[in-house]
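Each reported figure results from applying straightforward, stated rules to the coordinates on display, with no laboratory input. Not measured: the values here are computed from a predicted model. Neighbour counts are summed over all protein chains in view; Cβ atoms, including those assigned to glycine, are modelled from backbone coordinates with ideal geometry.
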Amino acid sequence: MITGSLQKKKGLYYAVLNLYDDYGKRKPKWIPTGYTIKGNKKKAEEKLEQFKIEYEQKSKIQLRDPNIYDKYKNILFCDYMLEWLEKQKGKVEQTTYIGYEQVIKGRLYKYFRAKKIKLVDLKPKHIQDFFDLLFA
């Protein structure tokens with residue numbers, strides 16, 4: 001679900017949507033509603049809701065991209081995490097990378113490899129079960 005809020009800027013209402021890139025980094029999207037601040041809060045709120053629905057639909061279409069789906073439909077989650085880890089080299093500090101590597105190549109890989117969970121089949125419950133094991 002896409003979240004967002006109204007912000008006031010230069011006498012107008014803006015819808016600020018909380019979008020995220022492929023790495024989970026928040027990328028706020030500022031969209032002018034076209035409504036002035038005085039007397040238009042209700043209309044601006046309705047416009048914000050329209051933008052949230054529109055961007056939610058766009059993100060669902062992107063998730064159904066057959067090229068992306070075909071690339072990852074058979075990959076195990078643990079193998080995808082190794083692939084993701086390699087992409088982080090040079091993008092993050094070395095100490096951060098080492099921390100990622102220890103988590104992924106340690107318990108995460110072993111746990112999810114044994115479960116044989118594919119990336120496309122991964123559910124929040126799988127992650128919660130993993131955390132429950134870690135912190136039990």
Point to revise | Mean-position separation - Cα centroids, the stretch 89-103 and the stretch 13-52, in angstrom | key: 34 Å
Point to revise | 5 Å-binned pair-distance histogram of the chain (Cα, whole percent) | key: 2, 9, 13, 14, 14, 13, 11, 9, 8, 5, 2, 0
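Which GluC sites (Glu not before Pro) does the stretch 86-125 hold that lie in a coil by DSSP with at most 13 other beta carbons within 10 Å?
Numbers: sites: Glu86, Glu93, Glu101; in loops: Glu93.
For GluC sites (Glu not before Pro) across the stretch 86-125 that sit outside H, G, I, E and B with at most 13 neighbouring Cβ atoms in 10 Å, the list reads Glu93.
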Practice item. Please tell me which of these pairs span more than 23 angstrom C-alpha to C-alpha: Lys27/Lys52; Lys71/Lys115; Lys10/Lys41; Lys25/Lys116; Lys8/Lys58; Lys52/Lys125? Key: Lys25/Lys116; Lys8/Lys58; Lys52/Lys125
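Report the longest stretch of the chain that contains none of the chymotrypsin sites (Phe, Trp or Tyr not before Pro) sitting in a DSSP loop with at most 14 other Cβ atoms within 10 Å.
24-134
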Revision key, fill the gap. Evaluated at 25 °C and 0.890 mPa s, the Stokes-Einstein D of the stretch 3-64 based on the Kirkwood radius over Cα pairs, in µm²/s, stands at 201 µm²/s
**Study point:** Of the trypsin sites (Lys or Arg not before Pro) in the stretch 64-136, those whose Cβ has at most 11 other Cβ within 10 Å and which sit in DSSP loop
**Key:** Arg64, Lys89, Lys91, Lys116
Check your understanding: Reachable aspartates and glutamates from Lys118, Cα under 15 Å, same-chain residues fewer than 8 places away excluded?
Key -> Asp70, Asp79, Glu83
